[in-house]
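Worksheet: the structure to be examined is printed underneath.
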Ligand SMILES: [Zn+2]
């Protein structure tokens with residue numbers, strides 16, 4: 001394999017996601033090619049069948065690109081709430097609060113005038129550091 005050969009490093013099913021990573025890599029002077037982007041204009045199902053949008057970089061840039069790609073995926077996990085915000089552990093679980101806590105949320109919401117937030121009765125716990133959010 002030569003150093004100026006493009007190799008696929010990531011796949012996306014959304015054009016915007018692919019271009020976010022491309023922008024991050026290009027900011028570090030890494031040359032990026034995106035393949036099969038035309039499929040993203042089709043239905044998502046067609047895009048999946050086609051294997052998604054491929055992002056490729058030069059073989060020579062792999063070492064430089066790797067931490068950027070890793071950070072990008074870690075950010076995706078953080079946005080999806082699948083990583084501990086305190087210690088970055090992926091060993092987390094999702095729990096549902098008890099009826100009593102539900103009652104407290106509802107009562108507090110009524111007093112504060114914020115109402116009862118239905119998205120609140122769920123929290124996640126990190127098994128590595130014990131952090132809850
Ligand atoms: Zn943690």
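The values are calculated or read from the model by the stated rules, or taken from the named source; none is laboratory data. In this text, all values refer to a predicted model and were calculated from it rather than measured experimentally. In this analysis, Cβ positions are derived from the backbone assuming ideal geometry, glycine residues included, and neighbour counts consider all displayed protein chains.
For the range 52-64, indicate whether the set of residues that are in the same structural domain as residue 11 (by TED's automatic domain parsing), assigned to a loop (DSSP other than H, G, I, E, B), closer than 24 Å to residue 13 by Cβ and at pLDDT below 85 is non-empty.
Looking for residues that are in the same structural domain as residue 11 (by TED's automatic domain parsing), assigned to a loop (DSSP other than H, G, I, E, B), closer than 24 Å to residue 13 by Cβ and at pLDDT below 85, one finds at least one in the range 52-64, hence yes.
For the structure I just gave you, tell me whether residue 83 is more than 16 Å from the ligand (Cβ to nearest atom) and modelled with pLDDT under 80. Don't jump to the end; show me each part of the working.
Values: more than 16 Å from the ligand (Cβ to nearest atom): no; modelled with pLDDT under 80: yes.
In short, no.
Based on what the data block shows, is residue 27 within 30 Å of residue 133 (Cα to Cα), out of contact with any strand residue (DSSP E or B) (no Cβ under 6 Å at 6 or more places or on another chain) and modelled with pLDDT of 80 or more?
no
Only residues that are touching a residue at least 40 places away in the same chain (Cβ under 8 Å), assigned to a loop (DSSP other than H, G, I, E, B) and more than 16 Å from the chain's Cα centre (by Cα): list them for the range 1-39, please.
Once the filter is applied, which keeps residues that are touching a residue at least 40 places away in the same chain (Cβ under 8 Å), assigned to a loop (DSSP other than H, G, I, E, B) and more than 16 Å from the chain's Cα centre (by Cα), the range 1-39 yields 1, 2, 3, 4, 5, 28.
Using the structure shown, decide if residue 9 is at pLDDT 80 or above and surrounded by 11 or more Cβ atoms within 10 Å (Cβ to Cβ).
Criteria met by residue 9.
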